[in-house]
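A short worksheet on the structure shown next.
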Amino acid sequence: MDIIANYADIFIMLSIGFGLFMAWGIGANDVSNAMGTSVGSAAITFKQAVVIAVIFEFSGAILAGGEVTDTVRKGILDAVLFTNNPHLLVYGMLASLLAAGAWLLIASSLGWPVSTTHSIVGAIVGFGAVGVGIDAVAWDKVIKIVMSWVVSPVLAGTLAVFIFKSLQFLVIDTKDPLINAKRYLPFYVFFVGFIIALVTQFKGLKHIDSLKYISKNVSLSLIIAIIVGIFAAVIAAFIMRNIKINPKDDKDFHYANMEKLFAVLMVITASAMAFAHGSNDVANAIGPLAAVYSIVEAGGDITSRSAIPSWVLLVGGGGIIFGFVTYGFKVMKTIGQGITELTPSRGFAAELAAATTVVLASSTGIPVSTTQVLVGAVLGVGIARGVVALNMRVINTIFLSWLITLPAGAVMSILFFFALKGVFGA
């Protein structure tokens, strides 16, 4: 208790600094995953992606990022074990933020799309197992996360194959793809609106006390999602009717005008996914920050949930945007160009498959990674075109980075944990 009282201000400042660093890493790596398909398919430019991210990622983080977050992320540590030594939990959360942020910096510099959730989980497991004891870690939760390494990309990839094959059958491989695109795409847009509405409700609104009842009421959530889907379909039909079509464009590329329609739809999906991502993944940065803040403010008392002031969300949202703008291009290039060649129609299929996977995972409780879902979806689109369309060297590197993310976060967290103990005392 004396340690917390003596260094209270320092712990708060360190948590803000490390939390901002972690949020920067999320922006540099995770946001780039979400935007990579849109930019890589040339549906939007990088500058447009920045504008979309600034508006919707920040809005999602601030409006639905969470007034209350779990003290111990994903419930993988028993907070009760720290009751007599709350300063150790403070050290651990600071070490976890610094370790996860450092790993995301390394991965982003190499262009590796890794999971920010798995980075912070690995860091927390590391300090918990070494700093407290092996029994302090809920290994069943860790096993579920490891299983998601297979479940996430396989599920998203399978859905992407079905979605892209249906587009080929109904639109792309027909005699008049432009007319069929106008005929069938509103139905796909309905599905987009429906899915994205569910993503937002299940992954975003559950963090807001006054609105979380919506995410718990499945019937109400479905009704709202259907209304949003119908509205999105009507808007899309209107926009497609007013898109300028130039028949000469199809002489060089038969699908040029058709792809224009998909490009418009990808702006919609990119915006919605950015909001949903900001609302959910900001917790990876502010969750440990919230733990430190609540423990210090309570003078060492530990609670299972931590109320945090709104300025903490600003730290998370601002850090995410700054990371994406300053360093997101490397991971974006890997997702958008490195795995397989993307067009707006292929990117649309990948984003729709990814969003659907997130909804299914949210409703069933399967812990998935946004990164792995998107990579799996892009892989699925490539497989639908034939295995030769895939860059296996890049894919192998991505899979390797996934395997080492959790242990890398754990090792660095252990080192930082003992360093903090050495500086402030045990």
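The values are calculated or read from the model by the stated rules, or taken from the named source; none is laboratory data. Given the structure is predicted, the values throughout are model-derived calculations rather than measurements. Methodologically, a virtual Cβ is constructed for each residue, glycine included, from the backbone with ideal geometry; neighbour enumeration extends over all protein chains shown.
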Report task. Residue by residue through the stretch 175-198, note down the ones that are free of Cβ contacts under 8 Å to residues at least 24 places away in the same chain and of a type in the set (D, E, K, R). Result -> K175, D176, R183
**Report entry** Single unsatisfied condition, W402 versus (1) buried (at least 24 other Cβ atoms within 10 Å of the Cβ); (2) in contact with a Ser or Thr (Cβ under 8 Å, 6 or more places away or on another chain); (3) in contact (Cβ under 8 Å) with a residue 60 or more places away in the chain
**Finding:** (1)
Report task. Look through V199, V171, V130, V154 and report the one residue that is at pLDDT 85 or above, over 30 Å from D250 (Cβ atoms), among the hydrophobic types (A, V, I, L, M, F, W, C) and touching a Ser or Thr at 6+ places or on another chain (Cβ under 9 Å). Result -> V130
Query raised in the report: Among the residues of the stretch 259-268, is there at least one that is within 18 Å of V189 (Cβ to Cβ) and modelled with pLDDT under 80?
Result: yes
Report task. Please name all residue pairs, on different chains or six or more residues apart, with Cβ atoms under 7 Å, provided the first residue is in the stretch 323-343 and is farther than 22 Å from L390 by Cβ and the second residue is among the aromatic types (F, W, Y) and buried (at least 24 other Cβ atoms within 10 Å of the Cβ). Result -> G323/W24
Requested in this report: Starting from residues that are in contact with a Leu (Cβ under 9 Å, 6 or more places away or on another chain) and either modelled with pLDDT of 85 or more or of a type in the set (V, I, T) (or both), keep the ones in the stretch 335-345 and report whichever is farthest from Q168 (Cα to Cα).
Outcome: I335
Query raised in the report: What residue, of L374, L379, L403, L415, is under 20 Å from I26 (Cβ atoms) and in a helix (DSSP H, G or I)?
Result: L374
Report task. From the list I120, I172, I163, I143, pick out the single residue that is farther than 22 Å from I383 by Cα and either touching a residue at least 12 places away in the same chain (Cβ under 8 Å) or charged (D, E, K, R) (or both). Result -> I120
Query raised in the report: Does L313 satisfy being more than 30 Å from S15 (Cβ to Cβ) and touching a helix residue (DSSP H, G or I) at 6+ places or on another chain (Cβ under 6 Å)?
Result: no
Query raised in the report: In this structure, does V68 turn out to be surrounded by fewer than 17 Cβ atoms within 10 Å (Cβ to Cβ), at pLDDT below 85, touching a Ser or Thr at 6+ places or on another chain (Cβ under 9 Å) and more than 24 Å from G323 (Cβ to Cβ)?
Result: yes
Requested in this report: Evaluate the stretch 79-93: report whether one residue or more is under 25 Å from the mean Cα position of the chain (by Cα), touching a residue at least 40 places away in the same chain (Cβ under 8 Å) and either surrounded by fewer than 22 Cβ atoms within 10 Å (Cβ to Cβ) or within 28 Å of V358 (Cβ to Cβ) (or both).
Outcome: yes
Report task. Would you check which residues across the stretch 337-348 are assigned to a helix (DSSP H, G or I), crowded, with 24+ Cβ neighbours inside 10 Å and of a type outside the set (D, E, K, R) and list them? Result -> P344, S345, G347, F348
Query raised in the report: A123 passes all but one of (1) surrounded by fewer than 24 Cβ atoms within 10 Å (Cβ to Cβ); (2) at pLDDT 90 or above; which number fails?
Result: (1)
Query - Any pair with Cβ under 9 angstrom, 6 or more apart, that starts in the stretch 28-41 at a residue that is under 10 Å from S108 (Cβ atoms) and ends at one that is of a type in the set (D, E, K, R) and surrounded by 24 or more Cβ atoms within 10 Å (Cβ to Cβ) - result: D30/D281
